[in-house]
Amino acid sequence: MEFQQLEMFAAIVEEASIQRASERVFRTGPALSIALKKLEEEIGSPLFNKSYRNKYQLTPAGSLLYSYATRILGLRGEVVSELQDLAKCKTGVVKIGANESTSLYLLPKLAHAFQEQHPGLKIEATCDNSEAIITSLKDCRLDLALVALYSDEPMLAKHLIMRDEIVLITSPDHRLSHLPAISIKDIREEVLIAESGKSSLREEVAQAFRSAGAEFDPAVTNVTLEGIKRMVTEGVGIGFVPSVCIHEEERRREIAVIRVEGISRQRELRLVHRKNESLSPAAHAFLKVSLECAREWAKSMRDNTASQRVNDNGPRLSPARASWSRSCC
């Protein structure tokens with residue numbers, strides 16, 4: 001039993017005429033008669049009462065088949081429509097994983113641009129540490145991941161979205177706040193506030209300390225980025241954070257930003273996905289919108305750098321933070 005046979009049968013019932021039914025389904029009259037005969041042979045029962053010549057009155061078997069045929073054809077129509085909407089990005093879900101900093105300060109801006117272009121699509125976001133996010137991506141539980149990658153992942157395709165850097169933040173009245181740059185030895189005796197041990201940022205800072213012959217032993221641990229910023233403004237201590245998350249506090253002069261030799265260097269925030277698998281239409285649309293945003297931010301960074309060269313007396317931001325403040329905030 002095929003869709004085409006059911007479609008012909010339903011047309012005969014509803015048109016009550018082989019001729020009109022053939023015109024409706026764009027087949028010849030003999031083709032419809034053959035399809036009807038094959039259906040009756042498969043079912044083992046006539047579908048129309050032959051005693052009512054040319055009136056096409058259904059037998060009990062015909063009535064039962066017609067009730068199912070209309071439901072089957074209706075479902076097929078719904079499936080085709082849904083698939084077309086999915087391909088045209090009118091419906092669908094994109095599953096995205098992000099670590100804390102990107103989920104708080106980068107993903108919302110990308111999601112806003114995405115929703116403006118594709119209001120019918122949904123986003124399912126997962127926030128975890130970078131290692132867990134990459135594992136979920138490889139296990140096909142996510143479509144995309146928005147993270148800073150520190151190791152080579154050959155099975156992943158990587159797309160640069162923006163750059164930021166790891167910086168040290170202090171309260172404005174801290175003894176180090178007036179210094180633009182310091183070394184690790186300058187903060188050995190300070191009260192350090194840090195994220196959990198699974199944070200890739202914390203591991204990078206700890207590695208820099210080890211390279212400098214020092215131990216990274218924070219006094220306050222397992223703190224979120226928002227918690228670190230709040231504790232710093234309250235004078236509890238100092239902490240390392242991504243520059244992408246401090247624009248507002250820096251603008252309001254609630255914190256001071258210091259670069260630390262061996263730690264404060266640019267890192268790349270990338271949107272990644274499995275290399276050898278096709279993205280869903282929704283995921284592909286999100287990637288496309290994100291790359292458009294990335295190009296806008298990169299252009300803004302170049303424009304800002306050029307304007308700084310002209311105005312030597314103006315305030316200077318790092319390229320990453322200049323791009324973020326002008327393009328996103």
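The values are calculated or read from the model by the stated rules, or taken from the named source; none is laboratory data. The structure displayed is predicted, hence computed values, not measured ones. FYI the Cβ positions are ideal-geometry reconstructions off the backbone, even for glycines, and counts take in every protein chain you see.
Whenever a residue of the stretch 214-237 is touching a residue at least 60 places away in the same chain (Cβ under 8 Å) and in the same structural domain as GLU203 (by TED's automatic domain parsing), its partners that are acidic (Asp, Glu) and surrounded by 15 or more Cβ atoms within 10 Å (Cβ to Cβ), lying with C-beta atoms within less than 8 angstrom and at least six residues away or across chains, give the pairs THR224/GLU100; THR224/GLU195; LEU225/GLU100; LEU225/GLU195; LYS229/GLU249; THR233/GLU249; THR233/GLU254.
Quick grid of which residues meet (1) surrounded by fewer than 16 Cβ atoms within 10 Å (Cβ to Cβ); (2) over 15 Å from ALA283 (Cβ atoms):
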site: SER63; (1), (2): yes, yes
site: SER67; (1), (2): yes, yes
site: GLU78; (1), (2): yes, yes
site: SER103; (1), (2): no, yes
site: HIS118; (1), (2): no, no
site: ILE123; (1), (2): no, no
site: ASN129; (1), (2): no, yes
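Condition check ((1) small (Gly, Ala, Ser); (2) outside any loop (DSSP other than H, G, I, E, B); (3) more than 16 Å from LEU32 (Cα to Cα); (4) at pLDDT 75 or above) across all residues:
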position: SER45; (1), (2), (3), (4): yes, no, yes, yes
position: SER51; (1), (2), (3), (4): yes, no, yes, no
position: ASN54; (1), (2), (3), (4): no, no, no, no
position: ALA61; (1), (2), (3), (4): yes, yes, yes, yes
position: LEU65; (1), (2), (3), (4): no, yes, yes, yes
position: ARG71; (1), (2), (3), (4): no, yes, yes, yes
position: LEU75; (1), (2), (3), (4): no, yes, yes, yes
position: LEU83; (1), (2), (3), (4): no, yes, yes, no
